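Enquirer: Input: one structure, supplied below.
The values are calculated or read from the model by the stated rules, or taken from the named source; none is laboratory data. Everything numeric here is computed off the predicted structure, so don't read it as measured data. Counting neighbours? That spans all protein chains shown, and the Cβs are built from the backbone with ideal geometry, glycine included.
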Amino acid sequence: MGLPVLFEIDQELTRLFVAGSRLSTGDAGVRKYIPAMEKLGERVPVFKKLASLMKELTESKPEESASKLIETRCLLLAVISTQGENASGPNLDSWPQGQIAMSDTTISSRELAKIIEALTTSGSGRLEIVKSAHERHLFNDPRTHRALITGLGDKFSELSDYISAQILPTCGEILKPHLERDMTYDGGAPEAKRLRALHRIDPLGMVDKIKEIMISGSVAMKEEAARLLGNHPECGSFLLDFMNDKKKEVREAVMASLISMNNKDGIDKILEMLNTKKAGQVTNPIINGNSPYLVIRLIEMARNAAELIESNNADKSVADNFYNLVTYMENKNSADIADFLITCLDSGTVKKASRVLSEKDDKKQTEKHQLELTVFNIIHYIGLRKDYIWNYFLNHFDEMKSKKWKPDTIAAHAFEIGIEKLGPEEFFDTFIDSGIYDKIAGITSGLFQNTFRIYSENPVPFSRRFASYFLEARRSDIYLTLATLYPDDKETLKKVIKVFKDTIKSDYYRSYVILSYLGRNNHPDYKDLFEFYKEKSPYKYYLEELETYLPENRG
Amino acid sequence: MKITEDFIRSVSINDSAMKNGQDLVKKGKFISLSIDEDNVFIAGSCQGSGKTPYTCSADFINEESPVFRCSCPSRQIPCKHVMGLLYARAMEKSFETAPVPDDILAKREKKEVAAVKKKEKVEKLEQAAALGPAEKSAAWKRNAIKKIDTQLTGISEVEKILVNMVQGGLGAMDAKTISSFLALVKGLDAWYIPGLQNEMNELLGLLKSSKDGNWTGKVNQICSLQTLVSRSRDYLEKKKETPEVLDTQTEIEELIGHAWKLEELAQHKLFEDNVKLAELAFHVITEPDKQQWVDESFCISLTSGRVFRVVNYRPFKAAKYIKELDSTQAVVLVPRLFIYPAQALNPRVRWESNTFEDLTPEHLKIIRSFAMSDFAEVLKAVKNQLKNLLVSRNPAVFVKCASLKAIEDRGGLYEARDEKGAAITLRPNSYSGLNFMHLLDDLTIDEVQNACLLLLFDNNVEDGILSASVLCVVTDTRIIRLV
């Protein structure tokens, strides 16, 4: 006889422990098992003893019942403890599965517990623990791997991204079966990260699975799969079939991949859609994508439109089309695009197109008046035709001084180019005094820093008059740069502190940057400003760092 | 003297102390740092919250047992200031050269004198051990018997309390009833039975805190207590004939409440000399009912093949002041290994000093040679232990498999068999804390063949399965830890 009956008797006895042993006398629940135990007792003496105790229990007086009950249960427990059997079942085929020996399990127990807690619970400071463990190569220990995979789904995206991008690729092939094992095609963002990690470990080996996911996966999985297939040009024709997927995220990912792999059929199809009702579906991929064939086609299409404009045969739709094609040329970093746009500027095409656009009664006209400036921006950021912009600036300088034109973009580009060409002082004498820089908003702190290479090893020296001029230039983010350069300038510091207080709720990063600067430079009012920040800022992420600048915490 | 992160971790009480120490260095709290010319003594002055900085030091004159000192009021040793000092050294901060202060030199002398005295004491004990327990006077024996009678009275009181509980029913015990029982148990202070008293407190704590309707654990505890009552009574009655004799074969003395001193273990020759121990598994168990953590390490003796337990108890309330143990990959060389009396398969051990050596394939060969290959004998020994309600319900045994197979992979269910076909079911059990049995799936075929496993047994009454959790796999080349 196996264990089940003994377990049932145990349950009856436990019931009496809970209810009180006085109820044992005559208890039917125990009594019903006595005959069975007596029968067993004919072969096994301990069951006979157990039956005898059970009988005594059910016949006991209330005052004896407790000791009887305990005695019976003790014997039963001793018997049950030796009755355990093996589990049974058919053995799995293809086991074990290790193809290569796993790494050593060398992390200390305390360290391991700390890492696993960081990966599987919530709370602050976990990213630091994980990063430190990664730097010490602790994730070679296979005992960390399951927790790592759990961490892929962590709500704190910085942690899950760090695991996906930095740690998993270093764990190597050994992690692949673990990652694959529980992956589902219908998962969300964490599953997509798992897929990405798998692809990093074994790009070619994963292609077939990724294709399966394209067919039957969830939206998140398909989007990731489409993105990953962009690394496999041989999958171009497979991807084409998914250009019309119902989901926008999937479509855009497919198109982005077709563009990145320079797939001509795909790019042609995408550009064809520009002239249909589906134009809206393709604009993002075209704007964000970049490939040689895309550039060729965009120039070709823009040239066709330009020819119509130049021959005065263009209506609004052609001008619109030209404008759109120009905006698609941003972020392509192509010398061919720069040259094409310069041709359009020189031939007057751009001006003509602007005129056609501005003739129409359209609320979007304001943007399209910026066609020329958009063209300049593209040329400038490609960075290969600076002389053209500089010459344009010089040729139109008098026109810019007039109040009709707000020359933000061109003047800003010229600032950077001119200081490089002429040197700061000559540029100031020639152009700053002209007053055109009074009215533009284009001189940002970033432009200022880049132009003068302020934080580099070879900064460009410039006179104090630049600082005085730009303090009045109404760009508040330039104050911090100037405060760095002129730390004793009280006016500058006052303005910096004002910006800090004014933006503490709207721009937490700026207020942190300013306060951090003041702290590192031992501003006398730092403690008060820190308390102000602590009270007013809704964002507490930087508090720990800012606290270290307090006078009492400084070494 | 090279201070590394590993060394700092080995001496720190817990991770918080390490982090606090690091933070002190990062925040620049150390006003001064110094080191002596011999590079064995470092000191620092650390700004605290008060006006006067704290002076801390680490003395490595005896490299095997460094001495840490600090003027701060913390009872934690080493405190965060000392941890910070060690980190400053590890991070290669600038240390000025300065002589060892006079007071430290005086303390070193004192320590040397104390060490000599301790050695003399140990030698005296060894001499006494050679002679056996000292003859006791008649007066001593009379007092001892009186104490035993007091203990027996206490045991009867415990029995009465148990009977009262069971008569009234555990389900009827409300907070007020439990409080009155707790007061009764507190009254057991006078009866020299702290072991039983602790068990009673644990039972009442269990009844007080756990309202989940899971009665099995509580009833088991009552049965264990009653078994202890009966055995203690029998033992003490017999002991009255020779009260000077302690039971050195079983746990009974300790269960009643005797705390074995190392000197006593020495007197009764409960030690082995020059033992090499290899740690096979280490885990930390949380016992919320006892309000404590338990650091438990399973080590195998390379001399005898016995699997011992090294245990460190850390009550929640005092955890801050008690050093956490940690796992070690090295072989531990123990000049004298003290073994606590036990019937259990894995007696508790302790030692005062040790050195380390790297684990080598030669060590692994020796370890593997001790693995038990007859599973029928293994199961017999395990069931024998399980029958005894007074010892651990989770014995550990080191076995050698002829075959190892999976019934459900990913840490589900496996089966080990010996050459005769006898089987042991393998599956994780809740006793072993963090468990990584799923890594068995990643073993290569070579590693699985003739695998030697450290198994931790557990008898699950509910599903009737006696199974074991695999704590480690020992191959020819390494120990693969699964906890």
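Enquirer: So which of A:Asp161, A:Asp186, A:Asp141, A:Asp104 ends up being at the interface with another protein chain (Cβ under 10 Å from one of its Cβ atoms) and surrounded by fewer than 19 Cβ atoms within 10 Å (Cβ to Cβ)? If you could, list the steps in order and put the result at the bottom.
Expert: Values: A:Asp161 fails: at the interface with another protein chain (Cβ under 10 Å from one of its Cβ atoms); A:Asp186 fails: at the interface with another protein chain (Cβ under 10 Å from one of its Cβ atoms); A:Asp141 fails: surrounded by fewer than 19 Cβ atoms within 10 Å (Cβ to Cβ).
Matching residue, one of A:Asp161, A:Asp186, A:Asp141, A:Asp104: A:Asp104.
Enquirer: Which residues, counting only those in the range A:343-371, are modelled with pLDDT under 80 and within 35 Å of the chain's Cα centre (by Cα)? If you could, list the steps in order and put the result at the bottom.
Expert: Quick first cut of the range A:343-371, residues modelled with pLDDT under 80 only: A:357-370.
If the condition is that a residue be modelled with pLDDT under 80 and within 35 Å of the chain's Cα centre (by Cα), then A:Lys364, A:Thr366, A:Glu367, A:Lys368, A:Gln370 are the ones that fit.
Enquirer: How many residues are of a type in the set (Val, Ile, Thr) and surrounded by fewer than 18 Cβ atoms within 10 Å (Cβ to Cβ) if we restrict to the range B:10-34? Spell out the reasoning first.
Expert: Going through the range B:10-34, the residues of a type in the set (Val, Ile, Thr) turn out to be B:11, B:13, B:25, B:31.
Okay, now just the ones that are also surrounded by fewer than 18 Cβ atoms within 10 Å (Cβ to Cβ), so B:31.
Residues that pass the stated criteria total 1.
Enquirer: Of all residues in the range A:48-87 being more than 8 Å from chain B (Cβ to nearest Cβ) and polar (S, T, N, Q), which is surrounded by the fewest Cβ atoms within 10 Å (Cβ to Cβ)?
Expert: A:Ser52
Enquirer: To continue, here is another question. Among the numbered conditions (1) assigned to a helix (DSSP H, G or I); (2) more than 23 Å from the chain's Cα centre (by Cα); (3) crowded, with 16+ Cβ neighbours inside 10 Å, tell me where B:Ile407 comes up short.
Expert: Of (1) assigned to a helix (DSSP H, G or I); (2) more than 23 Å from the chain's Cα centre (by Cα); (3) crowded, with 16+ Cβ neighbours inside 10 Å, only one is false for B:Ile407: (1).
Enquirer: Give B:Lys146, B:Lys160, B:Lys141 a once-over and let me know the one that is farther than 30 Å from B:Asn20 by Cβ, within 14 Å of chain A (Cβ to nearest Cβ), more than 29 Å from the chain's Cα centre (by Cα) and charged (D, E, K, R).
Expert: Working: B:Lys146 fails: within 14 Å of chain A (Cβ to nearest Cβ); B:Lys141 fails: within 14 Å of chain A (Cβ to nearest Cβ).
Only one candidate qualifies: B:Lys160.
Each row is one residue, and each column tells you yes or no for (1) within 30 Å of B:Phe370 (Cα to Cα); (2) at pLDDT 95 or above; (3) more than 11 Å from chain A (Cβ to nearest Cβ); (4) buried (at least 20 other Cβ atoms within 10 Å of the Cβ).
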{"position": "B:His283", "(1), (2), (3), (4)": "yes, no, no, yes"}
{"position": "B:Lys290", "(1), (2), (3), (4)": "no, no, yes, no"}
{"position": "B:Asn312", "(1), (2), (3), (4)": "yes, no, yes, no"}
{"position": "B:Lys317", "(1), (2), (3), (4)": "no, no, yes, no"}
{"position": "B:Ile322", "(1), (2), (3), (4)": "no, no, yes, no"}
{"position": "B:Leu325", "(1), (2), (3), (4)": "yes, no, no, no"}
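Enquirer: Check the range A:522-542 and report whether any residue there is within 20 Å of B:Leu24 (Cβ to Cβ), free of Cβ contacts under 8 Å to residues at least 24 places away in the same chain and not small (Gly, Ala, Ser). Steps first, answer last, please.
Expert: Here is the first cut: in the range A:522-542, the ones within 20 Å of B:Leu24 (Cβ to Cβ) are none.
No, the range A:522-542 contains no residue that is within 20 Å of B:Leu24 (Cβ to Cβ), free of Cβ contacts under 8 Å to residues at least 24 places away in the same chain and not small (Gly, Ala, Ser).
Enquirer: Considering A:Lys155, A:Lys222, which residue is touching a residue at least 24 places away in the same chain (Cβ under 8 Å), touching a helix residue (DSSP H, G or I) at 6+ places or on another chain (Cβ under 9 Å) and more than 14 Å from every other protein chain (Cβ to nearest Cβ)? Before the answer, list the steps.
Expert: On the way: A:Lys155 fails: touching a helix residue (DSSP H, G or I) at 6+ places or on another chain (Cβ under 9 Å).
Among A:Lys155, A:Lys222, only A:Lys222 is touching a residue at least 24 places away in the same chain (Cβ under 8 Å), touching a helix residue (DSSP H, G or I) at 6+ places or on another chain (Cβ under 9 Å) and more than 14 Å from every other protein chain (Cβ to nearest Cβ).
Enquirer: Next question. Can you pull out the residues in the range B:315-359 that are within 20 Å of A:Arg110 (Cα to Cα) and outside any loop (DSSP other than H, G, I, E, B)?
Expert: Of everything in the range B:315-359, those that are within 20 Å of A:Arg110 (Cα to Cα) and outside any loop (DSSP other than H, G, I, E, B) turn out to be B:Pro315, B:Phe316, B:Lys317, B:Ala318, B:Ala319, B:Lys320, B:Tyr321, B:Val331, B:Val332, B:Phe356.
Enquirer: Continuing with this model, one more query. Tell me, please, whether a residue that is among the small types (Gly, Ala, Ser), surrounded by 20 or more Cβ atoms within 10 Å (Cβ to Cβ) and modelled with pLDDT under 90 can be found in the range B:395-403. Spell out the reasoning first.
Expert: Filtering the range B:395-403 down to residues among the small types (Gly, Ala, Ser) leaves B:396, B:402-403.
Keeping just the survivors that are surrounded by 20 or more Cβ atoms within 10 Å (Cβ to Cβ) gives B:396.
Imposing the further condition that a residue be modelled with pLDDT under 90 reduces the set to none.
Within the range B:395-403, none of the residues are among the small types (Gly, Ala, Ser), surrounded by 20 or more Cβ atoms within 10 Å (Cβ to Cβ) and modelled with pLDDT under 90.
Enquirer: Say we look at the range B:163-209 and pick out the residues that are more than 13 Å from chain A (Cβ to nearest Cβ) and hydroxyl-bearing (Ser, Thr, Tyr); which of these is nearest to A:Ser67 (Cα to Cα)?
Expert: My answer is B:Ser180.
Enquirer: Of the residues that make up the range A:422-443, is at least one at pLDDT below 80, more than 26 Å from A:Ser402 (Cβ to Cβ) and within 37 Å of the chain's Cα centre (by Cα)? Can you show your working first?
Expert: Pass one, the range A:422-443, residues at pLDDT below 80: A:433-443.
Filter again for more than 26 Å from A:Ser402 (Cβ to Cβ), leaving none.
Checked the range A:422-443: no residue is at pLDDT below 80, more than 26 Å from A:Ser402 (Cβ to Cβ) and within 37 Å of the chain's Cα centre (by Cα).
Enquirer: Also: Restricting to the range A:107-138, name every residue that is over 24 Å from A:Glu180 (Cα atoms) and either in contact (Cβ under 8 Å) with a residue 40 or more places away in the chain or at the interface with chain B (Cβ under 8 Å from one of its Cβ atoms) (or both).
Expert: Hits for the range A:107-138 are A:Ser108, A:Ser109, A:Arg110, A:Glu111, A:Ala113, A:Lys114.
Enquirer: Would you confirm, using the coordinates I've provided, whether B:Ala416 is more than 28 Å from the chain's Cα centre (by Cα), crowded, with 16+ Cβ neighbours inside 10 Å and under 23 Å from B:Glu296 (Cβ atoms)? Steps first, answer last, please.
Expert: Details: more than 28 Å from the chain's Cα centre (by Cα): yes; crowded, with 16+ Cβ neighbours inside 10 Å: yes; under 23 Å from B:Glu296 (Cβ atoms): yes.
Here the answer is yes, as B:Ala416 does meet what is asked.
Enquirer: If you don't mind, another one. How about the range A:494-521: which of its residues are surrounded by 16 or more Cβ atoms within 10 Å (Cβ to Cβ), assigned to a helix (DSSP H, G or I) and of a type outside the set (Gly, Ala, Ser)?
Expert: Within the range A:494-521, A:Lys495, A:Val496, A:Ile497, A:Val499, A:Phe500, A:Tyr508, A:Arg510, A:Tyr512, A:Ile514, A:Leu515, A:Tyr517, A:Leu518 qualify.
Enquirer: Determine which member of the set A:Leu148, A:Leu195, A:Leu179, A:Leu152 is out of contact with any strand residue (DSSP E or B) (no Cβ under 9 Å at 6 or more places or on another chain), of a type in the set (A, V, I, L, M, F, W, C) and farther than 22 Å from A:Ile107 by Cβ. Walk me through it before giving the result.
Expert: Numbers: A:Leu148 fails: farther than 22 Å from A:Ile107 by Cβ; A:Leu179 fails: farther than 22 Å from A:Ile107 by Cβ; A:Leu152 fails: farther than 22 Å from A:Ile107 by Cβ.
Just a single option satisfies the conditions, and that option is A:Leu195.
Enquirer: What residue, among those in the range B:378-394 that are within 11 Å of chain A (Cβ to nearest Cβ) and of a type in the set (S, T, N, Q), is surrounded by the most Cβ atoms within 10 Å (Cβ to Cβ)?
Expert: The selected residue is B:Gln385.
Yes/no matrix, rows are residues, columns are (1) surrounded by fewer than 22 Cβ atoms within 10 Å (Cβ to Cβ); (2) more than 9 Å from chain A (Cβ to nearest Cβ); (3) assigned to a helix (DSSP H, G or I):
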site: B:Tyr431; (1), (2), (3): yes, yes, yes
site: B:Leu434; (1), (2), (3): yes, no, no
site: B:His438; (1), (2), (3): yes, no, yes
site: B:Asn450; (1), (2), (3): yes, yes, no
site: B:Leu453; (1), (2), (3): no, yes, no
site: B:Asp463; (1), (2), (3): yes, no, no
site: B:Ser467; (1), (2), (3): no, no, no
site: B:Val470; (1), (2), (3): no, yes, no
site: B:Val473; (1), (2), (3): no, yes, no
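Enquirer: With B:Ala406, B:Ala422, B:Ala402 as the choices, which residue is within 12 Å of another protein chain (Cβ to nearest Cβ) and over 25 Å from A:Thr144 (Cβ atoms)?
Expert: Values: B:Ala406 fails: over 25 Å from A:Thr144 (Cβ atoms); B:Ala402 fails: within 12 Å of another protein chain (Cβ to nearest Cβ).
Within the list B:Ala406, B:Ala422, B:Ala402, the selection yields B:Ala422.
Results for (1) of a type in the set (Lys, Arg); (2) closer than 15 Å to B:Gln226 by Cβ, shown as yes or no for each residue.
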position	(1), (2)
A:Ser21	no, yes
A:Val30	no, no
A:Met37	no, no
A:Lys49	yes, no
A:Leu69	no, yes
A:Ile80	no, no
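Enquirer: Under 8 Å between Cβ atoms, which residue pairs at least 6 apart in sequence (or on different chains) link something in the range A:341-353 that is buried (at least 17 other Cβ atoms within 10 Å of the Cβ) and charged (D, E, K, R) with a partner that is modelled with pLDDT under 85 and assigned to a loop (DSSP other than H, G, I, E, B)?
Expert: Qualifying pairs under 8 Å: A:Lys352/A:Asn312; A:Lys352/A:Ala314.
Enquirer: Please go through the range A:168-216 and pick out each residue that is closer than 24 Å to B:Thr444 by Cβ, in a loop (DSSP other than H, G, I, E, B) and of a type in the set (Val, Ile, Thr).
Expert: Matches in the range A:168-216: none.
Enquirer: Part of a loop (DSSP other than H, G, I, E, B), at pLDDT 90 or above and within 30 Å of A:Lys193 (Cα to Cα), is that true of A:Phe242? Don't jump to the end; show me each part of the working.
Expert: Values: part of a loop (DSSP other than H, G, I, E, B): yes; at pLDDT 90 or above: yes; within 30 Å of A:Lys193 (Cα to Cα): yes.
Judged against the criteria, A:Phe242 is a match.
Enquirer: Let me ask something else. How do the pairs read when you match residues in the range B:61-81 that are farther than 15 Å from B:Ser12 by Cα and free of Cβ contacts under 8 Å to residues at least 24 places away in the same chain with residues anywhere that are of a type in the set (Phe, Trp, Tyr) and crowded, with 20+ Cβ neighbours inside 10 Å, using Cβ under 8 Å and keeping only pairs 6 or more apart or on different chains?
Expert: Pairs found: B:Ser71/B:Tyr54.
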